[in-house]
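Okay, structure first, notes after.
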Amino acid sequence: MSILQMFKKSSQNLSKIAPLCICSMMLALRIVLGMFTNFTLSFAPFVKIGFSFLPIVIVAYLYGPVCAAIVSGAGDILSIMLSNPTAFSIMPGITLCYIFEGIIFGIILYDKKDLKRIILAFVMVLLLCRLPLNTLVLHLMMGIPYFELMFYRAIILVPFAVVEVSISYGVIKAVDRVPILKK
């Protein structure tokens, strides 16, 4: 399936009730995980670690890049708005990075559950979004030198990617066992 066909098929899922309901539930889960499971390390306040990637990976696997991008971007905006409504601090650059992550996960994982593709998806997200783009936005916000910031972020994010791959593989295998999620 070409990438354009994949985007078309993924966007058609938004017109069906079951995928729309599941995407909505995953968006709600993404918001809750974004609000309560993200944490920063005391020695690295510029790195956020959490488990809000799980609903995005599930949606990417089940419904493709368009649905995953929407859940990812909307989840970032809504979790920020709901966690601290007085300090409306949405960073459009970070939100765009989350949207790109959803697209990358969707392109690579859509209807494919093998470990090699999951590893590839996380490597691509790490190399295309989390390290260069997120670091650029943080560099512009904080004024910390770009490559120094990228080095410190890589020290934490690369090992955590192994954890993310392991969890994602287990979750995708579990999602396959749920009959209601079968297409």
message: Using the Karplus curve 6.51 cos²θ - 1.76 cosθ + 1.60 with θ = phi - 60°, what ³J(HN,Hα) values do you get for each residue of the range 59-66, in whole Hz, with x for Gly and Pro?
response: 5, 4, 5, 7, 10, x, x, 5
- prompt: Nearest 0.05, what FRET efficiency do I17 and M81 give at R0 = 25 Å with Cβ-Cβ as r?
  reply: 0.40
query: What value, in deg cm²/dmol to 500, does the helix sum -39500 (n - 2.57) over DSSP H runs of n ≥ 4 give at 222 nm once divided by the residues of the chain?
result: -24000 deg cm²/dmol
message: How charged is the neighbourhood of S83? Take every other residue with its Cβ under 15 Å from the Cβ of S83, and add Lys/Arg as +1 and Asp/Glu as -1.
response: +1
- request: For the chain, give the magnitude of the charge dipole about the Cα centre (Cβ charges: +1 Lys/Arg, -1 Asp/Glu; no others), in debye to the nearest 20.
  value: 620
query: With r defined as the distance between the Cβ atoms of K113 and F151 and R0 fixed at 30 Å, what FRET efficiency is calculated, to the nearest 0.05?
result: 0.35
- line: In nm, the gap between the two label points placed 7 Å beyond Cα toward Cβ at M1 and V175 is 1.3
Table column - 3J(HN,Hα) (Hz), the range 127-135, Karplus curve with 6.51, -1.76, 1.60, x for Gly and Pro: 7, 9, 10, 5, 7, x, 6, 4, 5
statement: Once phi for every residue in the range 108-117 is put through the Karplus expression 6.51 cos²θ - 1.76 cosθ + 1.60 (θ = phi - 60°), the whole-Hz ³J(HN,Hα) values, with Gly and Pro written as x, are 7, 9, 3, 6, 10, 10, 6, 4, 4, 6
- request: Stick to the Cα atoms of the chain, pair each with every other, and give me the Kirkwood hydrodynamic radius in Å at one decimal.
  value: 16.6
query: With r defined as the distance between the Cβ atoms of I167 and V137 and R0 fixed at 22 Å, what FRET efficiency is calculated, to the nearest 0.05?
result: 0.30
query: Taking only C-alpha pairs under 8 Å that are 6+ residues apart, what is the relative contact order of the chain in percent?
result: 21
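Bear in mind that the values in this text are calculations on the coordinates, not laboratory data. Everything quoted here is computed from the prediction, not taken from an experiment. Note that we place each Cβ from the backbone using ideal geometry, even for glycine, and neighbour counts take in every protein chain shown.
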